[in-house]
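Asker: Below is one structure. I have some questions about it.
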Amino acid sequence: MPAAPIDDIIRRGMTETPDFPEPGILFRDLSGLFADPEGLPAVGAALVGRDDEPSPFGHLDAVVGIEARGFVLGTAAAMAGGLGMLAVRKAGKLPGDVLTERYALEYGTAALEVHPDTLPAGSRVLLVDDVLATGGTVAATVRLMRRAGWVVAGISVVIELDGLGGRAVVAAETDAPVHPLLVL
């Protein structure tokens, strides 16, 4: 029996909650996908581009999971690709010397951090997250990777929300390919 198409696997594991976390927002939750013992590895493999063909991102040294759902997805992708996974954290979550990248949100500001010595300079990384919406978090992560001396080889997300301009925001920071598994 052939495996289900990746968009079916994602839709099967996704719930939608209107007006969360605020009115007018349709929140897409992937908790069901995370709990699916067949779906999560399939999505992990698709994110890293390992579907019986070489990765569309070329050689990769590591996967970078963006807090917090990117940790789950990044780990699944890293395991599928035989790679390690580096966690990009919210500010204040990492001890010791960190690089910090601040960015604007529609309702304030946020910051992401990483240990700059986790990977060697020039390491090629794949950024992984659950959703590309307005692009601010991914664009900030791209800048953080650049400051750490790493090369963003690609960006892979489970869902891209079309019409919110996220792809253009990311394209202003990098020419790395953006690979969504499902566009809504």
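Asker: Let me see the P(r) profile for the chain: every Cα-Cα distance counted, bins of 10 Å, each bin given as a percent of all pairs.
Answerer: P(r) for the chain, in whole percents per bin: 10, 39, 37, 13, 1, 0.
Asker: May I pose another question? Counting DSSP beta bridges with both partners in the chain, what percentage is antiparallel, nearest 5? List each step's numbers first, then the result.
Answerer: On the way: 13 of 35 bridges.
Close to 35 percent.
Asker: Continuing with the same structure: Please list, by residue number, every one of the GluC sites (Glu not before Pro) in the range 79-159 that is coil in DSSP and has at most 11 other beta-carbon atoms within 10 Å. Don't skip to the end; give the middle numbers.
Answerer: On the way: sites: Glu101, Glu106, Glu113; in loops: Glu106.
Those satisfying the criteria are Glu106.
Asker: Next question. At 1.4 Å probe size, what's the solvent-accessible area of Phe71? Round to the nearest 10 Å².
Answerer: Accessible area of Phe71: about 50 Å².
Asker: Something else about it: Amide H neighbours of Leu132 under 5 Å, counting only residues 5+ apart in sequence or on other chains, H built in-plane at 1.01 Å?
Answerer: Long-range HN contacts for Leu132: Ile159, Glu160, Leu161.
Asker: Quick check for you: with a 1.4 Å probe and neighbouring chains kept, what is the accessible area per residue of the range 41-127, in Å²?
Answerer: Result: 49 Å² of accessible area for each residue.
Asker: Output needed: percent of Cα pairs per 10 Å distance bin for the range 1-77, bins running from 0 to the one holding the longest distance.
Answerer: Per 10 Å bin, starting at zero, the Cα-Cα P(r) for the range 1-77 comes out as 17, 43, 31, 9, 1 percent.
Asker: Which chymotrypsin sites (Phe, Trp or Tyr not before Pro) does the range 82-184 hold that lie in a coil by DSSP with at most 10 other beta carbons within 10 Å?
Answerer: Those satisfying the criteria are Tyr107.
Asker: Would you mind checking which residues have amide H under 5 Å from Trp150's amide H? H placed 1.01 Å from N; only 5 or more apart, or other chain.
Answerer: The answer is Gly122.
Asker: Roughly how many nanometres apart are two label points built 7 Å out from the Cα toward the Cβ at Ala3 and Ala104?
Answerer: 4.1
Asker: Only Cα pairs under 8 Å and at least 6 apart count here; give the relative contact order of the chain as a rounded whole percent.
Answerer: The value is 18 percent.
Asker: Rounded to the nearest 0.05, what FRET efficiency is calculated for Ala91 and Ala121 with R0 set to 35 Å and r the Cβ-Cβ distance? Please report the intermediate quantities before stating the final value.
Answerer: Details: r = 23 Å, r/R0 = 0.67.
That gives a FRET efficiency of 0.90.
Asker: Over the range 81-178, calculate the relative contact order: mean separation of alpha carbon pairs under 8 Å at least 6 apart, over the residue count, as a percent.
Answerer: Values: 165 pairs, mean separation 25.4, N = 98.
Relative contact order for the range 81-178 comes out at 26 percent.
Asker: Can you give me the % of accessible surface on the chain that is carbon or sulfur? Probe 1.4 Å, all protein chains present, nothing else counted.
Answerer: Solvent-exposed carbon and sulfur of the chain make up 55 percent of the total.
Asker: Follow-up. With θ set to phi - 60°, apply the Karplus curve 6.51 cos²θ - 1.76 cosθ + 1.60 along the range 135-147 and write out the HN-Hα couplings as whole Hz, x wherever there is a Gly or Pro.
Answerer: Values, residue by residue: x, x, 5, 5, 4, 5, 5, 4, 4, 5, 4, 4, 5 Hz.
The values are calculated or read from the model by the stated rules, or taken from the named source; none is laboratory data. The structure displayed is predicted, hence computed values, not measured ones. A quick note on method: Cβ atoms are made from the backbone with ideal geometry, for glycine too, and the neighbour counts reach across all protein chains shown. In case anyone asks, the SASA skips ligands and DNA or RNA and just uses the protein heavy atoms, side chains included. Shrake-Rupley method; radii C 1.70, N 1.55, O 1.52, S 1.80 Å.
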